[in-house]
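Undergrad: Attaching a single structure in structure tokens format; questions to follow.
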Amino acid sequence: MDCKEAIIAFEHCTQKNVVEIERCGVGIANCVFIVTTASGKFILRCSREKDAYRDTIAWLDRLSECEIPIPTVLWQGKYRDYACLILSYIRGDDIGTIYSRLSDSEKRQIAREVVAIQRKVSQIDMAAGAGWTWNHVIDEMLHRAGERIKRKHFFDAGKVTVVRNLKQEIEEYLDTIQPIPYLDDISTKNLLIYKGKLSGIIDIDWVGLGDLLTFAAMTKVALLNMELDTRYIDYLLEEIHPNTTEYRAFVFYCLMYCVDFMGERGMKFLDKTVPVSSAIIRRLNDIFDVLLGEWNECCEQ
């Protein structure tokens, strides 16, 4: 959907005249627009997938009980062959966009608030599907990464085998992980910052079940991939307080997300292709080596 068609869809759904519209560059699974009218700003999300926002609406409703800064659903329905969702607008930029402008004290405070939000989410009462195990979740993710890497040939699929072998060393810990809910997709995106402070969490299409440490691990790999410092991760870990075994699992998760990032390179989602170049390939390979070195240091302690 282009901006012209999005304007028609929004005006049809809301009977409000659009003054300005902007396609959001972040996000690969939906067409997302910031729409400005005379009465304010709104978020318009559109998808050709049937019932695309059923889970989004359900989760936003459940998470509203946690009193965390998330959008409000204002309208949902269809326009032509699109599922449409209109949400309240939250001012701010993705943390990855403005990360280099944040002070260490701001990063520390954001980390403190993010972990507090995760603890609230963990209190939601929800059941996992029959046969759920954290080990199986990890196996599925590694399998997906391996298949994608083999398909595109940008990276050595043997790196996934390395991570699978490391998994065997923390199997006992992974077996202890229960299906505890947490926001698993707030890394360098979906976490909005305004004037150095956390202002909102967006794009909540699902809630993860399992180990909270994975969101911190994904964020670390994302920051490294953007060639940014990882002090925010240090502050997250200070708030989470992982013990030696948990920290080792955290490093394992970093390696897992590194091969997952490798698998996404060159893939197309809707009209967007995940960038790939010799520089990106070299950088992700270097990140993998650094993380593997961190794993080896954990094992020596």
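The values are calculated or read from the model by the stated rules, or taken from the named source; none is laboratory data. Because the structure is predicted, anything quoted here is derived from the model rather than measured. Every residue, glycine among them, receives a Cβ derived from its backbone with ideal geometry; neighbour counts consider all protein chains shown. Ligands, DNA and RNA are stripped out before the accessible areas are found, and what is left, the full protein with its side chains, is counted by its heavy atoms. Shrake-Rupley method; radii C 1.70, N 1.55, O 1.52, S 1.80 Å.
Undergrad: Under a Cβ-only charge scheme (Lys and Arg +1, Asp and Glu -1), can you give me the dipole magnitude of the chain about the Cα centre, in debye to the nearest 20?
TA: Values: 37 positive and 45 negative charges, 225 e Å.
With Lys and Arg at +1 and Asp and Glu at -1, about 1080 debye.
Undergrad: Using Cα pairs closer than 8 Å and at least 6 residues apart in sequence, work out the relative contact order for the chain, in percent.
TA: RCO, the chain: 18 percent.
Undergrad: Cα convex hull of the range 108-255: mean projected area in nm², to one decimal?
TA: Details: hull surface 39.1 nm².
So the Cα hull casts an average projection of 9.8 nm².
Undergrad: Taking a quarter of the surface of the Cα convex hull of the range 33-189, what do you get in nm²?
TA: Its average projected convex-hull area is 13.8 nm².
Undergrad: On a 23 Å Cα-Cα criterion, which of the cross-link pairs K50/K150; K4/K152; K16/K41; K41/K189 come out too long?
TA: Among K50/K150; K4/K152; K16/K41; K41/K189, the Cα-Cα distance tops 23 Å for K50/K150; K4/K152.
Undergrad: List the aspartates and glutamates whose alpha-carbon lies under 12 Å from that of K220, not counting same-chain residues fewer than 8 positions away?
TA: Within reach: D229, D234.
Undergrad: Would you please put 191-199, 97-105 in order of how densely packed they are, using the mean number of other Cβ atoms within 10 angstrom per residue and starting with the highest? Could you put the intermediate results ahead of the total?
TA: On the way: 191-199: 17.6, 97-105: 13.6.
Ranked from most to least packed, the peptides come out as 191-199, 97-105.
Undergrad: State the answer as a single residue: which of T36, Y89, P69 lies farthest towards the positive end of the charge dipole of the range 29-144, with beta carbon charges of +1 for Lys and Arg and -1 for Asp and Glu, about the Cα centre.
TA: Toward the positive end, the furthest listed residue is T36.
Undergrad: With every protein chain kept in place and ligands, DNA and RNA left out, what is the accessible area per residue of the chain? Probe 1.4 Å, answer in Å².
TA: Ligands and nucleic acids excluded, the figure is 50 Å² per residue.
Undergrad: Here is a further query. Do the sum for the chain: with -39,500 (n - 2.57) for every DSSP H run of n ≥ 4, divided by all residues, what is the mean residue ellipticity at 222 nm, to the nearest 500 deg cm²/dmol?
TA: Taking each H run of at least 4 residues, the total per residue is -15500 deg cm²/dmol.
Undergrad: Within 10 Å, count the other beta carbons around each residue, average over each peptide in 121-128, 223-230, and list them highest first. The partial results should precede the final answer.
TA: Numbers: 121-128: 12.2, 223-230: 15.5.
Result, highest mean Cβ count within 10 Å first: 223-230, 121-128.
Undergrad: Can you give me the pair-distance distribution of the range 1-94, C-alpha pairs, 10 Å bins, whole percents?
TA: All Cα pairs considered, the percentages come to 16, 51, 30, 3.
Undergrad: Counting only protein heavy atoms and a 1.4 Å probe, tell me what percentage of the range 182-301's accessible area is made up of carbon and sulfur.
TA: The computed percentage sits at 50.
Undergrad: Divide the volume of the convex hull of the Cα atoms of the chain by its number of residues and quote the answer in cubic angstrom per residue. Could you put the intermediate results ahead of the total?
TA: On the way: hull volume 42.8 nm³, N = 301.
Once divided by residue count, the hull of the chain is 142 Å³.
Undergrad: Size of the dipole of the range 179-301 about the Cα centre, Lys and Arg at +1 and Asp and Glu at -1 on the beta carbon, nothing else charged, in debye to 20?
TA: Numbers: 11 positive and 19 negative charges, 97 e Å.
Charge dipole, the range 179-301, about its Cα centre: 460 debye, nearest 20.
Undergrad: Assuming a ≥ b ≥ c are the square roots of the Cα gyration tensor eigenvalues, decide whether the range 147-232 counts as rounded (a/c under 1.5), prolate (otherwise, with a/b larger than b/c) or oblate. Kindly include the intermediate steps, with their values, before the conclusion.
TA: Details: a/c = 2.02, a/b = 1.36, b/c = 1.48.
In terms of gyration-tensor shape, oblate.
Undergrad: Looking at the range 1-69, which trypsin sites (Lys or Arg not before Pro) are in a loop (DSSP not H, G, I, E or B) and have at most 11 other Cβ atoms within 10 Å?
TA: K50
Undergrad: Please identify every one of the GluC sites (Glu not before Pro) in the range 1-105 that sits in a loop by DSSP and has no more than 15 other beta carbons within 10 Å of its own beta carbon.
TA: E49, E67
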